[in-house]
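Bear in mind that the values in this text are calculations on the coordinates, not laboratory data. Small disclaimer: the values here were computed from a predicted structure and weren't measured. When we count neighbours, we look across all protein chains shown, and the Cβ atoms used for this are built from the backbone with ideal geometry, even at glycine.
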Amino acid sequence: MAHDTAHQHESNTKKIWTVFAILSVVTIVEVVLGILKPEFLTDTSFLSMSLLNWIFIILTIYKAYYIAWSFMHLEGETKGLRRAIVWTAIFLISYLIFILLTEGGYIYEVYKNGYVAWDF
Amino acid sequence: MEATVVRTGTEGKTWGGGNEPLKSSYGKMMMWFFIVSDALTFSGFLAAYGFSRFKFMDSWPIADEVFNHFPFLHGVDAPMYYVALMTFILIFSSVTMVLAVDAGHQLKKGKVTFYMFLTIIGGIIFLGSQAWEWKNFINGTYGAVYTEGGNILQFIDGDGHRVALSDIAIAEASSRVEHESRNGIWYESEKSLPSYSIGEVKAGFSENSDLLIRTQVVNDEGEKIILSREESIAKLNSEAVGVVEGANLTRNEYGPPLFADFFFFITGFHGFHVFSGVVINIIIFFNVILGTYERRKNYEMVEKVGLYWHFVDLVWVFVFTFFYLV
């Protein structure tokens, strides 16, 4: 245990408040966009999703990055632990999302084209 | 200790034992393992939500119309503000948590106590806000009728404003009384009856020529399709079978039943995490006050509950996006 206490931790208070400012600004931007819903963003579609939704998702991941890296102190962990955590999650979640959304879209088409009657 | 160590010739090598390859203590690593598996659980729920949403792509409720309440602003349309406030509360309690961890590194007991206290208060405020959000969601605002196929029909006036059932229905003397278990066989009871019967709503609708029906189907512009007066009357008389006010797990006045189911399940599961986080924080808070970690000269326990608390915040960031923004 000796090496644990031997570490001299300096205060990161300033950095914490900076991250708080970043997270707040990003949340405010999200809320403002969510209320205004600028037309050129909602009407422009990129990879079958509106630009606005892409912005929301990217900003969310940006926030998640700061929470994980700064608050959960992932940046201070060893590379091995960090990769074990981040890549496991990213790989499995992307796979899950891809499969389920593709399937959901397919069922939507089946309903829409009337192959299955469901609204009696 | 030294005397009992068996020499294997691999000392100093990464897997030779006696060292920590990932330079992380056992407890912290196990907390990370738990967080990763819990993150996968939450992504399972959110992906299932995405699946159902894609499945009902053109009839999913518009979040701004569902979550538009703000305390003390009754009847004011305030989309997003309340949930933004909740997000701030949770992010801020995350900040106080990380400040507590930071103070713990410097072995400052007083500061740790203070910041832990603020974190707990933040968590409790968030839980209260969540409860208020649920209350509004469950009670509903306007009410709607449902069709035999399970679709929701909402009412609007000529200006496109939503109209509540109470403004439409013409009350009749009703003979229908709620069946309670004490009046009959003890194991049979029914859910509380809606304030108006479908007959009263139909009668009121045909009286007031201003009213129209808004279906749950979304057009290309992202707006719900509104029927003409003739179509509305035909639709209401031929298809509407019941009245729904607010939301439960079977029906809701907003749209497909799955919408309310996922709302209850995911925000409920998250709320349960917040609740258990608050409980764990309180336990650690008292340990800090009692000086347990002061005597250990190590505040790592605060760091570990901190990890869990930040994770709860992290999940909320995603719930916020997928329920309220996208």
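Across B:Ile185, B:Ile121, B:Ile283, mean-square fluctuation computed from a Gaussian network of chain B (C-alpha pairs under 10 Å connected) peaks at B:Ile185.
Given a 10 angstrom Cα cut-off, can you work out which residue in A:Gly76, A:Gly105, A:Gly34 is the most mobile in a GNM of chain A? Of the options given, A:Gly105 has the highest mean-square fluctuation. Ellipticity at 222 nm from helices only: DSSP H runs of n ≥ 4 in chain B, each -39500 (n - 2.57), divided by the residue count, give -17000 deg cm²/dmol. Structural size metrics of the protein assembly as shown, computed from C-alpha coordinates, are Rg and Dmax of 26.7, 95 Å. Once both labels are positioned 7 Å from their Cα atoms along Cα-to-Cβ, the gap between B:Val241 and B:Ser209 label points is 3.3 nm.
State whether the range B:167-326 is rounded, prolate or oblate according to the following rule on the C-alpha gyration tensor (a ≥ b ≥ c being the square roots of its eigenvalues): a/c under 1.5 gives rounded; otherwise a/b larger than b/c gives prolate, and the remaining case gives oblate.
On the way: a/c = 4.57, a/b = 2.06, b/c = 2.22.
Oblate, since a/c reaches 1.5 and b/c is not below a/b.
With R₀ set to 35 Å, the beta-carbon distance separating B:Ile62 from A:Leu92 gives a calculated FRET efficiency near 0.65. Would you mind telling me which residue in A:Phe71, A:Phe20, A:Phe98 has the biggest mean-square fluctuation in a Gaussian network model of chain A, where springs connect alpha carbons within a distance under 10 angstrom? Taking springs between Cα atoms under 10 Å, the residue moving most is A:Phe98.
Compared with the dominant Cα axis of chain A, that is its longest principal axis, helix A:79-112 is turned about 10°. Calculated on the Cα set of the range A:78-120, radius of gyration then Dmax: 17.9, 58 Å. Compute the Cα gyration tensor for chain A, then decide on rounded, prolate or oblate, letting a ≥ b ≥ c be the square roots of its eigenvalues: rounded whenever a/c is under 1.5, prolate when a/b is larger than b/c in the other cases, and oblate in all that remain. The shape class here is oblate. Which shape class, rounded, prolate or oblate, goes with the range B:168-221 when its Cα gyration tensor gives a ≥ b ≥ c as root eigenvalues, a/c under 1.5 marks rounded, and past that a/b bigger than b/c marks prolate? Verdict is oblate for the range B:168-221. What do you get for the angle between helix B:81-105 and the principal long axis of chain B? Use alpha-carbon atoms, 0 to 90 degrees, nearest ten. Its long axis makes an angle of about 10 degrees. Here A:Val110 and A:Trp17 are evaluated by their C-beta separation; at R0 = 45 Å the FRET efficiency comes out at 0.30.
Could you calculate the FRET efficiency of A:Leu36 with B:His179 from 1/(1 + (r/R0)^6), where r is the beta carbon distance between them and R0 is 45 Å, rounded to 0.05? For R0 = 45 Å, the calculated efficiency reads 0.35.
How fast does chain B diffuse by Stokes-Einstein, in µm²/s, taking the Kirkwood radius from C-alpha pairs at 4 °C and 1.567 mPa s? Before the final figure, lay out the partial values.
Working: Rh = 23.6 Å.
Value of D from the Cα-based Kirkwood radius: 55 µm²/s.
Put a dot 7 Å past the Cα of B:Phe275, heading toward its Cβ, do the same for B:Leu249, and the two dots end up 1.5 nm apart.
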